[in-house]
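Colleague: Just passing along the structure, written as structure tokens.
The values are calculated or read from the model by the stated rules, or taken from the named source; none is laboratory data. Everything numeric in this text was worked out from a predicted model, so none of it was measured. Cβ coordinates were reconstructed from backbone atoms using ideal geometry, including for glycine residues, and neighbour counts include every protein chain displayed.
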Amino acid sequence: MGRLTKRQQKRINYFLREKMERRQKQDMIHKGDVPKFIERHMPYIRKLARNLDQILIVGSMVSPELKPGLIDRFLVLGEIEEIPSVICLNKVDLLKNLTSAEKIAAVYRNIDYPVILTSAKSGTGLEALREVLQNKRTALVGHSGVGKSSLLNAVEPHLQITVNEVSKSTSKGKHTTTKVRLYTLNPTTEVVDLPGIKLIDFIDIHRDEARFFFREFEAPSQYCKFRDCLHISEKDCAVKQALDEGTISPTRYKSYLNFVETLN
Ligand SMILES: Nc1nc2c(ncn2[C@@H]2O[C@H](COP(=O)(O)OP(=O)(O)OP(=O)(O)O)[C@@H](O)[C@H]2O)c(=O)[nH]1
Ligand SMILES: [Mg+2]
Ligand SMILES: [Zn+2]
């Protein structure tokens with residue numbers, strides 16, 4: 001995604017400031033009813049989202065190492081597009097035991113995101129994965145090399161999707177999948193295999209709106225002193241209090257701050 005010129009930035013800011021419901025803006029984006037360059041800056045996955053039943057956010061526990069920040073960004077994507085997300089922590093065969101994976105899973109299960117632990121290699125969790133996919137159209141998203149294509153091959157060996165090993169020196173994937181492709185597993189079950197994504201931009205979201213996409217903020221935020229509290233440096237913020245008390249996860253909160261930073 002290239003850098004924006006000053007003029008483009010101005011037009012985006014104008015678009016963001018317009019007194020419009022977010023949903024209305026989103027409709028415009030989906031219909032392509034926005035300046036062409038805004039359309040161009042929309043990640044493909046967002047355009048695809050309205051044709052999906054859910055996204056499967058795949059991360060690998062090791063090699064490449066897990067990036068909770070990216071999982072959280074994909075969860076934001078699901079919240080914005082109002083489609084359910086399921087988190088899949090893959091390559092658990094490379095762990096000595098499941099403790100670290102279960103710990104991360106608990107963070108997300110606590111806030112009602114389903115999590116499955118899988119291994120495309122040893123077969124762990126493949127039954128659960130089949131169940132998650134059944135009767136839905138699901139897109140697999142995540143970094144290159146986390147095993148998206150391998151998982152699809154594992155649930156349906158006849159697919160024979162090309163996979164490639166992770167680079168030994170950098171532990172990064174090699175961007176093996178280069179095209180978006182839809183596979184039909186059975187008449188009611190479809191999966192979309194996507195190239196690895198390392199960043200998603202949300203140029204239509206204003207930083208003041210970011211808080212609405214972290215679902216665990218909703219309940220405590222009603223007790224913030226200020227109704228428009230951004231939960232960053234305001235006084236008497238109930239979200240930060242929940243963070244201090246440990247009911248909001250520090251990694252999730254960090255993702256929120258990072259997310260805000262990247263927005264207009
Ligand atoms: N040990 C282990 N290796 C796995 C597992 N799943 C995938 N791999 C390996 O990880 C490497 C990358 O797998 P891919 O399926 O190509 O990953 P991808 O997410 O589709 O990557 P891109 O297409 O580049 O986005 C391959 O060498 C796989 O064999 C797993 O559960 N355990
Ligand atoms: Mg792939
Ligand atoms: Zn607050």
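Colleague: Checking the structure you have, find out if any residue of the stretch 127-137 is within 17 Å of L66 (Cα to Cα) and surrounded by 13 or more Cβ atoms within 10 Å (Cβ to Cβ).
Modeller: no
Colleague: Just to verify a result, which residue in the stretch 234-258, among those that are among the β-branched types (V, I, T) and surrounded by 15 or more Cβ atoms within 10 Å (Cβ to Cβ), is nearest to ligand 3 (Cβ to nearest atom)?
Modeller: The extreme case among them is V239.
Colleague: With respect to N97, is the statement that it is in contact with a Lys or Arg (Cβ under 9 Å, 6 or more places away or on another chain), without any contact (Cβ under 8 Å) to a residue 24 or more places away in the chain and surrounded by fewer than 16 Cβ atoms within 10 Å (Cβ to Cβ) true?
Modeller: Answer is no for this residue.
Colleague: Just to be sure, is I80 surrounded by fewer than 18 Cβ atoms within 10 Å (Cβ to Cβ), touching a Phe, Trp or Tyr at 6+ places or on another chain (Cβ under 9 Å) and touching a residue at least 40 places away in the same chain (Cβ under 8 Å)? Full working, then the answer.
Modeller: Values: surrounded by fewer than 18 Cβ atoms within 10 Å (Cβ to Cβ): no; touching a Phe, Trp or Tyr at 6+ places or on another chain (Cβ under 9 Å): yes; touching a residue at least 40 places away in the same chain (Cβ under 8 Å): yes.
When the stated conditions are applied, I80 does not pass them.
Colleague: Inside the stretch 98-130, can you point out the residues that are closer than 20 Å to L77 by Cα and either assigned by TED's automatic domain parsing to the domain that holds A219 or not hydrophobic (A, V, I, L, M, F, W, C) (or both)?
Modeller: Across the stretch 98-130, the qualifying residues are Y108, R109, N110, D112, Y113, P114.
Colleague: Can you confirm whether T189 is within 30 Å of Q134 (Cβ to Cβ), within 16 Å of ligand 1 (Cβ to nearest atom) and in contact with a helix residue (DSSP H, G or I) (Cβ under 7 Å, 6 or more places away or on another chain)?
Modeller: Considered against the rule, which asks whether it is within 30 Å of Q134 (Cβ to Cβ), within 16 Å of ligand 1 (Cβ to nearest atom) and in contact with a helix residue (DSSP H, G or I) (Cβ under 7 Å, 6 or more places away or on another chain), T189 comes out as no.
Colleague: If you go through the stretch 132-165, how many residues are among the aliphatic types (A, V, I, L, M), within 7 Å of ligand 1 (Cβ to nearest atom) and closer than 21 Å to L75 by Cα?
Modeller: The number of residues fulfilling the criteria is 2.
Colleague: Still on this structure: Which one is farthest from ligand 1 (Cβ to nearest atom), of the residues in the stretch 217-233 that are within 18 Å of D72 (Cα to Cα) and either buried (at least 20 other Cβ atoms within 10 Å of the Cβ) or not assigned by TED's automatic domain parsing to the domain that holds G246 (or both)?
Modeller: That would be H231.
Colleague: Oh, and also: Give all pairs with beta carbons closer than 7 Å in which a residue from the stretch 243-255 that is assigned by TED's automatic domain parsing to the domain that holds E216 meets a residue that is in a loop (DSSP other than H, G, I, E, B) and buried (at least 20 other Cβ atoms within 10 Å of the Cβ); count only pairs at least 6 apart in sequence or on separate chains.
Modeller: Pairs found: R252/F214.
Colleague: Read through the list (1) in contact with a strand residue (DSSP E or B) (Cβ under 8 Å, 6 or more places away or on another chain); (2) crowded, with 18+ Cβ neighbours inside 10 Å; (3) on the phi < 0 side of the Ramachandran plot, then give the number of the only condition that A154 fails.
Modeller: Failing condition for A154: (1).
Colleague: So which residues in the stretch 164-181 are within 22 Å of the chain's Cα centre (by Cα) and either touching a residue at least 24 places away in the same chain (Cβ under 8 Å) or closer than 18 Å to S60 by Cα (or both), if there are any at all? Steps first, answer last, please.
Modeller: First, the residues of the stretch 164-181 that are within 22 Å of the chain's Cα centre (by Cα): 166, 171-181.
The answer is V166, S171, K172, G173, K174, H175, T176, T177, V180.
Colleague: Sticking with this one: Identify the residue in the stretch 175-220 that is part of a loop (DSSP other than H, G, I, E, B) and of a type in the set (F, W, Y) and, among all such residues, is farthest from ligand 2 (Cβ to nearest atom).
Modeller: Among them, the one singled out is F214.
Colleague: Which condition breaks for S167 when tested against (1) among the hydroxyl-bearing types (S, T, Y); (2) away from ligand 2 (no atom under 16 Å from the Cβ); (3) surrounded by 14 or more Cβ atoms within 10 Å (Cβ to Cβ)?
Modeller: Here S167 meets the rest and fails (2).
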